[in-house]
Amino acid sequence: TFRQELDRLGIPLLGPDVNRSGADFGVELRADGTQCVRYALAAIRNVGHAAMTELERERTDNGPFKSVADFAGRLDARYVNKRQIEVLACAGAFDGLTGNRHQVYKAADRIVRHAQTAAEERASNQVSLFGGAGGGESAALTLPNVDDWPAMDRLRYEFDAIGFYLSAHPMDAYGASLQRLGVVAMGDIPKLHRIEPGRKKVAGIVVTKQERRAKQSGNPFAFVQLSDKTGVYEIVVFSEVLSQSRELLVAGQPVLVAVDPQANENETRMTAAEITDLDQAVANTAAGLRIHLRDESPLPQLKTILQRESRGRGTVSVVLDLDGDEEVEMALPGRYRLSTGARRALKALPGVSVQDV
């Protein structure tokens, strides 16, 4: 059952009949039967329990925050600083108030200053020119006019704030291309290795790299953490492969890795036999792209990039979000080359999400 699977993965189930006290992370069953992921604000990196307890108290006592300006006007500046606002923005804590995380991140210092001014007004019992005690500065708060981060950057900042990808995973964008490349999930390696030992292909986003030197030979090797949709796993990269792929082993880089699993009693160790650029490998195999747009603003840049790629074999379709959780998909005429550079340029466009098909 769903509950048994959550127990197996060590994820608490939160709901009316379950005590959520002390649970930083869990799946919540709503009253209407739908499910959602709930993650504690205090568990976000560099935020702190005291600040989030105060924030929750204000929200409970005086109702949900209506906007970022409302948040700034009611925030107790003694508990929250600029860095905490930045991390909360990266984690998506303001997504219910504005979908532009970059905008809140850039406004962090401004938000704290408004909170300090509002607190001073409340303390002196002054009435603002805007008609409410302590509300003038926060009501006048304007956010900087900046585009949101591109989808991959947005997820990278989210990972830095939380410690894992929560709202989505960068590997989602590669779709069916991973199957065509013969990639298996890293979480399935122990089971697959027992059934059919031998080399496997995995793909993931580089999280960290720690280089060492062998005691006897002095040759360099590295422990590299990779993240795919099943979790974060470690691979060992010895000197020859390391020297050939060191430039790829940087945080945030998507890679394709041929690994040789070795099982012992407690774990399955993965040693890298070859490491290549995942985007390059996908560009050689993908049939096409689905490009999701939130609005029309990226269209001029999108047109420019695709015009440079107009002679090839790949198909491209554009998906537009409509009101009411509906979308419309339109296939573009012609075929496209869809080089690695073009794919990266498309993924870097604000307001654009790219998926391989």
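The values are calculated or read from the model by the stated rules, or taken from the named source; none is laboratory data. Everything numeric here is computed off the predicted structure, so don't read it as measured data. We place every Cβ from the backbone using ideal geometry, glycine too, and count neighbours over all the protein chains shown. Only protein heavy atoms, including side chains, enter the accessible area calculation; ligands, DNA and RNA are left aside. Shrake-Rupley method; radii C 1.70, N 1.55, O 1.52, S 1.80 Å.
Using bins of 5 Å that start at zero, the share of Cα-Cα pairs per bin across region 27-75 amounts to 5, 18, 18, 19, 24, 12, 5, 0, in whole %.
The packing ranking, built from the mean of other Cβ atoms within 10 Å per residue, places the peptides 255-267, 89-101 in the order 89-101, 255-267, highest first.
Using +1 at the C-beta of Lys and Arg and -1 at the C-beta of Asp and Glu, which of Tyr233, Val104, Gly92 has the Cα lying farthest in the positive direction of the dipole of the chain? Farthest towards the positive pole: Tyr233. Taking every alpha-carbon pair in region 201-357 and binning the separations at 10 Å intervals from zero gives 10, 32, 26, 19, 11, 3, 0 percent. Here the Gaussian network model covers the chain, with springs between Cα atoms less than 10 Å apart; of Lys303, Lys229, Lys347, Lys303 fluctuates the most.
Dimensions of region 127-275 from C-alpha coordinates, computed as largest minus smallest value along each principal axis and given longest first, are 73, 37, 29 Å.
Mind counting lysine pairs for me in the chain? Cα separation below 18 Å, and the two need to be 8 or more apart along the chain or on different chains. Taking the chain as the scope, the lysine pair count is 7. Let me know the shape class of region 183-242, please: from the alpha-carbon gyration tensor, a ≥ b ≥ c as square roots of the eigenvalues, rounded when a/c is under 1.5, otherwise prolate if a/b is greater than b/c, or oblate. Oblate shape, in that a/c is at least 1.5 and b/c is the bigger or equal ratio. Divided by 2.2 N^0.38 Å, where N counts the residues, the Cα radius of gyration of the chain comes to 1.16. A Cβ-based charge dipole, computed about the Cα centre of the chain with Lys and Arg at +1 and Asp and Glu at -1, lands at about 1120 debye.
Using a Gaussian network model of the chain with C-alpha springs under 10 Å, which one of Arg110, Arg57, Arg335 is most mobile by mean-square fluctuation? Comparing Arg110, Arg57, Arg335 in the GNM, the peak value goes to Arg57. By a 1.4 Å probe calculation restricted to protein chains, Asp153 has an accessible surface near 50 Å², given to the nearest 10. The ellipsoid that matches the Cα gyration tensor of region 207-297 has semi-axes, each √(5λ) in whole angstrom, of 30, 16, 13, with the longest given first. For region 298-357, a/c is not less than 1.5, where a ≥ b ≥ c are the root eigenvalues of the C-alpha gyration tensor, and a/b tops b/c. That puts it in the prolate class. Per residue, the chain exposes 55 Å² of solvent-accessible protein surface, assessed with a 1.4 angstrom probe and all protein chains in place.
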